[in-house]
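First comes the structure, then the notes that go with it.
The values are calculated or read from the model by the stated rules, or taken from the named source; none is laboratory data. Values in this document were obtained by computation on a predicted structure and should not be read as measured data. Please note: Cβ atoms are built from the backbone with ideal geometry, for glycine as well, and neighbour counts cover all protein chains shown. These accessible areas exclude ligands, DNA and RNA; they are computed on the full protein's heavy atoms, side chains included. Shrake-Rupley method; radii C 1.70, N 1.55, O 1.52, S 1.80 Å.
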Amino acid sequence: MTYETPVATAPPVTTAPPARSQGIALGRRRGTVATVIMALLALAWLFPLLWALVNSFREYDYTQANGYLSFGGWTFSNYVDAWTRADFGLHMKNSLLVTIPAVLLTLWLSSMVAFVLARFSYRFNLTLLGVFLAANLLPPQALLIPVFRMFRQIPVPYFLSDSGSLLNSFWALILVNTAFQMGFCTFVLSNYMKTLPYEIYESAELDGASVWRQYWQLTMPLVRPALAALATLQVTWVYNEFFWATVLIQQGDKLPVTSALNNLRGQFFTDTNLVAAGSIIVALPVLVVFFALQKQFVSGLTLGSTKG
């Protein structure tokens, strides 16, 4: 009789489920609670905007008689009256003449400064970055009088400004917005450029590429997501800028569209439904830019966050 020796078998190995690469998974109960909380916060944030949108399609007399929590009195005439009374066509053109050059000039100058700060290392590297960031630390009200006097004394040809100075000209708003926004853009772009591999610049130098070529043909295509994200933010900030427009522009026909909302205020009362319609008209260009660059905006904020 033969006996077979039993073969020892190893106990089965239980493997844990692989962790999700896109974040920590929540349980059903926690996920439901988190969804409800975020929905309530989003509703609380959007409720004033949505209610202004609803009231912009309602008659002022109806809301005064029945209250703003009622429904009815629907009309589209508020938008027609707001566009006509505020002359949004002229002021929208003024805003475009200020916003587009200011955004392009800010991104161009900031990208060049950021390239120098990220590409070259020298003693005053961080000091130069701090100088550019200093403009974002000072409140605009503290610089009101110096900037106003400086712009009043700088002579400008009359084909650029009717006043012979930077006051009452679009160049005043372009320059002041560029000066105040360059610090933030330089800071973001320099940190983004530091994540780029240094080997690509060494290869470019071996191929005989100049510094300008390394900036324009090598760096700028790689930072397009960051430029798109900053362009979205800059369009929003420059377009909605109100303080410097009221200080440096004293002629009504040169005011940007945000200042034109004052034309909808009456002497004895204000039609809030008309103002709501005007506010929606003013906000539409910014919303169009945001939704057009939404994909690039999100990618520009997240790309490079895990590098280095």
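Against the 2.2 N^0.38 Å scaling, with N counting residues, where does the chain land? I'd like the Cα-based Rg ratio to two decimal places.
Values: Rg = 28.1 Å, N = 308, 2.2 N^0.38 = 19.4 Å.
Cα-based Rg divided by the globular estimate yields 1.45.
A simple packing score, the average count of other Cβ atoms within 10 Å per residue, orders the peptides 162-168, 236-242, 203-209 as 236-242, 162-168, 203-209, with the highest score first.
When the accessible area of the stretch 50-94 is computed with all protein chains present and a 1.4 Å probe, what percentage of it is carbon and sulfur?
64
In the context of the full set of protein chains, the stretch 132-224 has a per residue accessible area of 58 Å² (1.4 Å probe).
Quick check on the stretch 149-292: take the gyration tensor over C-alpha atoms, sort the square-rooted eigenvalues as a ≥ b ≥ c, and tell me if it's rounded (a/c under 1.5), prolate or oblate. The shape class here is oblate. Note that the stretch 119-128 has calculated 3J(HN,Hα) couplings of 8, 10, 10, 8, 5, 9, 5, 5, 5, 5 Hz, one per residue in order, obtained from phi through the Karplus relation 6.51 cos²θ - 1.76 cosθ + 1.60 (θ = phi - 60°); glycine and proline are x. For the stretch 220-282, the Kirkwood hydrodynamic radius comes to 14.0 Å, computed from all pairs of different C-alpha atoms.
Summarised in one figure, the compactness ratio Rg/Rh of the stretch 183-247, Cα atoms and Kirkwood Rh, is 1.16. Each Lys or Arg adds one and each Asp or Glu subtracts one; over the other residues with Cβ under 13 Å from the Cβ of Leu189, this totals +3. Close amide-amide hydrogen proximity is noted between Arg58 and Thr75, each under 5 Å apart and 5 or more residues distant or on a separate chain (H modeled in the peptide plane; Pro and chain starts excluded). Around the amide H of Ser165, modelled in the peptide plane, lie the amide H atoms of Val156, all under 5 Å away and 5 or more residues distant in sequence or on another chain.
When all alpha carbon pairs of the stretch 66-120 are counted in 5 Å bins from zero, the resulting P(r) reads 4, 14, 11, 11, 11, 9, 9, 9, 7, 6, 5, 3, 1, 0 %. Residues in the stretch 242-257 carry Karplus couplings, in order, of 10, 5, 5, 5, 6, 8, 8, 10, 10, 9, x, 7, 10, 6, x, 5 Hz; the curve used is 6.51 cos²θ - 1.76 cosθ + 1.60 with θ = phi - 60°, and Gly or Pro positions show x. Over the stretch 66-167, how many percent of alpha carbon pairs lie in each 5 Å bin up to the one with the longest distance? Spelled out per bin, shortest first, that is 2, 8, 8, 11, 15, 13, 11, 9, 7, 6, 5, 3, 1, 0. Descending by average beta-carbon neighbour count within 10 Å, the peptides 188-195, 123-130, 56-63 line up as 188-195, 56-63, 123-130, the highest first. Sequentially through the stretch 45-56, phi angles give Karplus couplings (6.51, -1.76, 1.60; θ = phi - 60°) of 6, 8, 4, x, 5, 5, 5, 5, 5, 5, 6, 5 Hz, Gly and Pro residues having no value and appearing as x. Listed by chain and number, the aspartates and glutamates whose alpha-carbon sits under 19 Å from that of Lys254, ignoring those within fewer than 8 places in the same chain, are Asp87, Asp162, Glu241.
Spatial offset of the stretch 225-287 relative to the stretch 187-215 amounts to 39 Å, using the alpha carbon center of each. Each Lys and Arg adds +1 at its Cβ and each Asp and Glu adds -1 at its Cβ; summed about the Cα centre, the chain shows a dipole of about 460 debye.
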